[in-house]
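Colleague: Below you'll find the structure I mean.
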Amino acid sequence: MRYFLINLMLIFLVTSCGALPEAKWKAVENGKKSIVLPYFTRENIVYSYKTNVAAYGKELSGILIIKKVGDERFRVAMTTEFGNTLFDIEISPKDYVLITAVEDLNRKIIINTLVSDFRLLLKSQYKIDATFNDGVHLISKSGGKDDAFYLFQTDASDVVFKIENFKGDKKKKEILYATQNNVFARKIIIEHFDIKLKMTMEYSVAD
Amino acid sequence: MKIRLLFLFCLFTFPAMAQLQPMSSSEIATFKAGVNFASAKISSMSADFDQYKHLDFLENDIKSSGQINFKQPDLLAWQYQKPYNYSIIFKKGKVLVNDGGKKSSTDVGGNKLFAKLNTLIIGSVRGNLLDEKQFDIKYQKSAVGNFATLVPKDSAMKKYLKQIELKFDKASNEVMEVRLIESSDDFTKIIFKNRKLNTQISDAIFSN
């Protein structure tokens, strides 16, 4: 009986401790010390994206409007196509101010999730702690085991086309970028893997 | 110096003050009769529109544009063509959406607010929104048009809309401009252009 319990514990430990993603990759010496994402760094520019949010079988569509209003401070607002504002939040790395939100969205869990996603979307400076190569991509790791960000670049260019966020060995979310001129994201997808939430943003240009 | 300041004050304030003046009760009665008469004549309407979304942190409003079609009694299609393709059709108690090829349908009946929004949009297009049971209404006039400012009485509607402003053409009494003001004071302004009344509109326009 004692051996049975020990075996059971071992099975539990082996199955619950997954490997970190870099276990499959080759370490690269002398990688970059930092990476700057250019997608939302410019002030005096209004970034306007036609956006669809799919969560637990429900969908919400509208226009996401982003403007940098100060050093690491952004206003992020979403309106329906008809024009009514769904939410308007001022976000900085440490805090946020909820300017307005419609009743259906004005819940702590929803606002916190939005703020967390937008912080990740708008973060431009990454301090790099390690660099890897998976045979196709150069992957730069920022942060420790508890909250790690893996920035994917093709070997040929400096463009970051994907960021994966891991907590331990669990992939929590990722951002995919389709870029133009390497400084501008024309399409962005933010997808969660622990909850059913996916945000698809496509740049829209008014005349 | 004081006279110069007074002159400057008058220069800047008088045009604004002269712009809008309240209507007298007889002018209100004439205006409402004119609007109802113009509205009753509409069996169909098509127009181009420019929509401007104003947010307090933006220097320039976000512009979109498209076409609107209305057919008696309650068929309404908004088709955004720039900067994206998006259409929303109110038809027989349903809301049909085509979001760049992605189609969906919602029952208006299950959502009282949506039903009110539907009535409000059709009313603002036709001009027959001057319902004092639903709104506190202020009537004003200027050299270029007549204006009605509507404040919703319904508390659910108030959460979404603080005020609706309608601008009517002085001669035809048709709605030329709608401004929907939210509780945050952000607003959406819609300007109608190239209005065509009572022309043949294909039913295909109101299909998703």
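Colleague: Looking only at segment B:45-62, count every residue that is more than 21 Å from residue B:119 (Cα to Cα), facing chain A (nearest Cβ under 8 Å) and within 19 Å of the chain's Cα centre (by Cα) and tell me the total.
Modeller: 3
Colleague: Can I ask one more? Of all residues in segment A:98-131, which are out of contact with any Ser or Thr (no Cβ under 8 Å at 6 or more places or on another chain), in a strand (DSSP E or B) and surrounded by 17 or more Cβ atoms within 10 Å (Cβ to Cβ)?
Modeller: A:101
Colleague: For segment A:132-167, name all the residues that are charged (D, E, K, R) and surrounded by 16 or more Cβ atoms within 10 Å (Cβ to Cβ).
Modeller: Correct list: A:141, A:164.
Colleague: Given the criteria of a type in the set (Lys, Arg), away from chain A (no Cβ under 14 Å) and in a strand (DSSP E or B), does residue B:189 qualify?
Modeller: Considered against the rule, which asks whether it is of a type in the set (Lys, Arg), away from chain A (no Cβ under 14 Å) and in a strand (DSSP E or B), residue B:189 comes out as no.
Colleague: Restricting attention to segment B:63-77, which residues are in a strand (DSSP E or B), over 15 Å from the mean Cα position of the chain (by Cα) and within 14 Å of residue B:198 (Cα to Cα)?
Modeller: Scanning segment B:63-77 gives B:71, B:75.
Colleague: Take the residues of segment A:46-83 that are out of contact with any helix residue (DSSP H, G or I) (no Cβ under 6 Å at 6 or more places or on another chain) and of a type in the set (Phe, Trp, Tyr): which is surrounded by the fewest Cβ atoms within 10 Å (Cβ to Cβ)?
Modeller: A:56
Colleague: Out of all the residues in segment A:88-98, is one or more hydrophobic (A, V, I, L, M, F, W, C), over 27 Å from residue A:150 (Cα atoms), within 10 Å of another protein chain (Cβ to nearest Cβ) and touching a Phe, Trp or Tyr at 6+ places or on another chain (Cβ under 9 Å)?
Modeller: No.
Colleague: Identify, please: which residue in segment A:45-71 is part of a loop (DSSP other than H, G, I, E, B) and without any contact (Cβ under 8 Å) to a residue 24 or more places away in the chain and is, among those, nearest to residue A:141 (Cα to Cα)?
Modeller: Taking the candidates together, the pick is A:71.
Colleague: Let me ask you something else. Any chance you could count how many residues in segment B:166-186 are within 14 Å of chain A (Cβ to nearest Cβ) and of a type in the set (Asp, Glu)?
Modeller: Number satisfying all stated conditions: 4.
None of the figures in this text is laboratory data; all of them are computed from the coordinates on show. Everything numeric in this text was worked out from a predicted model, so none of it was measured. No Cβ is skipped: glycine too gets one built from the backbone with ideal geometry, and neighbour counts run over all protein chains shown.
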